[in-house]
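Engineer: Pasting a structure below so you can have a look.
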Amino acid sequence: MRSSNPVFSRRGFSRDNGYARFDAQRPQAGGPAVGTVPQGNPYAQAPAGNPYAQNPYAQQDAQYGAPQAPATTGRMTMDDVVMRTATTLGVLVVTAALAWALLPVDDAHIQKSYGIAAGAGLIAMVLGFVQAFKRKASPPLILAYAALEGVFLGVVSSVVDNRIASGAAMQAVLGTMAVFVAVLVAYKAGWIRVNRRFYGFVMAAALGFVLLMAVNMLFAVFGGGDGLGFRSGGLGIMFGIIGILLGAAFLALDFKMVEDGIAYGAPREEAWLAAFGLTMTLVWIYMEFLRLIAILQGND
């Protein structure tokens, strides 16, 4: 499963010359796979649209002693995705709450809390990249990422909520939930059409956004202040809104990947990859909301 979030994972349910195919005809869940081998030609190859399509001549191969691929024990369902996502987000929320409670951000302890949060965030980023480029989902790796990301978010949220903008964390949570529900409704209603053009535009915009933020960070590190000003004042507000919109677009891509995975009969363990992608996207949206709220209340 290709993760459609800023990690830019390489995997996908449908490929065409190395690119994800969003415009391919998808089968209905539980129905026959698209592009099965024609009956008249036993040597015809099934198209690459569905990497999980079963060999229609498996019984004949078994009869004549041909080597068999291992049978798939289970298919991914929506319940699997919901349960894995709930588990991953639950771990993140628990560790965030513990970090908020156990790592104080008063003047006497803030440096220590910052150090722990920075270390947790850095390790979480490394684990995220490792999982994004793995060929298979690793539940322990995904849960470790969620736990460490929770520590980072807990400290950052506590700092913003207690020292910059009171109530910002809850407002960011509500904003993230609102975006999730709005994108889900729009996607199910067909108002958002996820095709190759949409995918290319979102990924190009995200790449440009990340590069601008990286340049801004470098200027901030070596020049002090807010660098080029992309994270404060009017520019900060504008880029905060752009970041939230990009996160919403990534949610639409995540929903498309889940839908295609279920329709193509992806293995059950792929639900962990869906949970991983959705968690990363929700963290992205939450952080953009938190930053935007801090800027708006700080300007009051």
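Engineer: Regarding segment 209-226, can at least one residue be identified that is within 23 Å of residue 99 (Cβ to Cβ), out of contact with any Cys (no Cβ under 9 Å at 6 or more places or on another chain) and either in contact (Cβ under 8 Å) with a residue 12 or more places away in the chain or polar (S, T, N, Q) (or both)?
Structural biologist: Within segment 209-226 (the criterion being within 23 Å of residue 99 (Cβ to Cβ), out of contact with any Cys (no Cβ under 9 Å at 6 or more places or on another chain) and either in contact (Cβ under 8 Å) with a residue 12 or more places away in the chain or polar (S, T, N, Q) (or both)), the answer is no, since none of the residues qualifies.
Engineer: Just one of the numbered conditions (1) surrounded by 14 or more Cβ atoms within 10 Å (Cβ to Cβ); (2) without any contact (Cβ under 8 Å) to a residue 60 or more places away in the chain; (3) of a type outside the set (Ser, Thr, Tyr); (4) not in a helix (DSSP H, G or I) is not true of residue 192; which one?
Structural biologist: Result: residue 192 fails condition (2) only.
Engineer: Among 262, 242, which is the only one that is closer than 13 Å to residue 288 by Cα and either in contact with a Leu (Cβ under 6 Å, 6 or more places away or on another chain) or not aromatic (Phe, Trp, Tyr) (or both)?
Structural biologist: Numbers: 262 fails: closer than 13 Å to residue 288 by Cα.
Step by step, each of 262, 242 is checked, and only 242 is closer than 13 Å to residue 288 by Cα and either in contact with a Leu (Cβ under 6 Å, 6 or more places away or on another chain) or not aromatic (Phe, Trp, Tyr) (or both).
Engineer: Please work out which one of (1) assigned to a loop (DSSP other than H, G, I, E, B); (2) at pLDDT 55 or above is the condition residue 53 fails and give its number.
Structural biologist: Of the numbered conditions (1) assigned to a loop (DSSP other than H, G, I, E, B); (2) at pLDDT 55 or above, the odd one out for residue 53 is (2).
Engineer: Residues 83, 76: which one is surrounded by 15 or more Cβ atoms within 10 Å (Cβ to Cβ), modelled with pLDDT of 90 or more and under 23 Å from residue 255 (Cα atoms)?
Structural biologist: Residue meeting the stated conditions: 76.
Engineer: Here is a list of conditions, (1) closer than 30 Å to residue 98 by Cβ; (2) touching a residue at least 60 places away in the same chain (Cβ under 8 Å), and residue 170 meets all of them except one; can you say which number that is?
Structural biologist: Of everything listed in (1) closer than 30 Å to residue 98 by Cβ; (2) touching a residue at least 60 places away in the same chain (Cβ under 8 Å), residue 170 misses just condition (2).
Engineer: Being out of contact with any Leu (no Cβ under 6 Å at 6 or more places or on another chain) and over 25 Å from residue 252 (Cβ atoms) is the filter here; which residues of segment 189-229 pass it?
Structural biologist: Correct list: 215, 217, 218, 220, 221, 222, 223, 224, 225, 226, 227, 228.
One line per residue, one yes/no per condition, for (1) touching a helix residue (DSSP H, G or I) at 6+ places or on another chain (Cβ under 6 Å); (2) of a type in the set (D, E, K, R):
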{"residue": "85", "(1), (2)": "yes, no"}
{"residue": "88", "(1), (2)": "yes, no"}
{"residue": "93", "(1), (2)": "no, no"}
{"residue": "108", "(1), (2)": "no, no"}
{"residue": "111", "(1), (2)": "no, no"}
{"residue": "129", "(1), (2)": "no, no"}
{"residue": "158", "(1), (2)": "yes, no"}
{"residue": "161", "(1), (2)": "yes, yes"}
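Engineer: Given the conditions (1) under 18 Å from the mean Cα position of the chain (by Cα); (2) without any contact (Cβ under 8 Å) to a residue 24 or more places away in the chain, report the number of the one that residue 152 does not fulfil.
Structural biologist: Tallying (1) under 18 Å from the mean Cα position of the chain (by Cα); (2) without any contact (Cβ under 8 Å) to a residue 24 or more places away in the chain, residue 152 fails exactly one: (2).
Engineer: Criterion first (crowded, with 17+ Cβ neighbours inside 10 Å and in contact (Cβ under 8 Å) with a residue 40 or more places away in the chain) does residue 233 satisfy it?
Structural biologist: When the stated conditions are applied, residue 233 does not pass them.
Engineer: Do you know which residues across segment 195-221 are polar (S, T, N, Q) and in a helix (DSSP H, G or I)?
Structural biologist: The answer is 216, and nothing else.
Engineer: Run down 220, 205 and say which single residue is surrounded by 14 or more Cβ atoms within 10 Å (Cβ to Cβ), within 23 Å of the chain's Cα centre (by Cα) and at pLDDT 75 or above.
Structural biologist: It is 205.
Engineer: For segment 90-122, name all the residues that are within 25 Å of residue 275 (Cβ to Cβ) and more than 17 Å from the chain's Cα centre (by Cα).
Structural biologist: 94, 95, 96, 97, 98, 99, 100, 117, 119, 120, 122, listed by residue number.
Engineer: What pairs come up if the first residue lies in segment 73-102 and is under 24 Å from residue 263 (Cβ atoms), the second is charged (D, E, K, R), and their beta carbons are under 6 Å apart, counting only those six or more places apart or on different chains?
Structural biologist: The qualifying pairs are 74/268; 76/268; 76/270; 80/268.
The values are calculated or read from the model by the stated rules, or taken from the named source; none is laboratory data. These numbers were taken from a predicted model, which means no experiment stands behind them. FYI the Cβ positions are ideal-geometry reconstructions off the backbone, even for glycines, and counts take in every protein chain you see.
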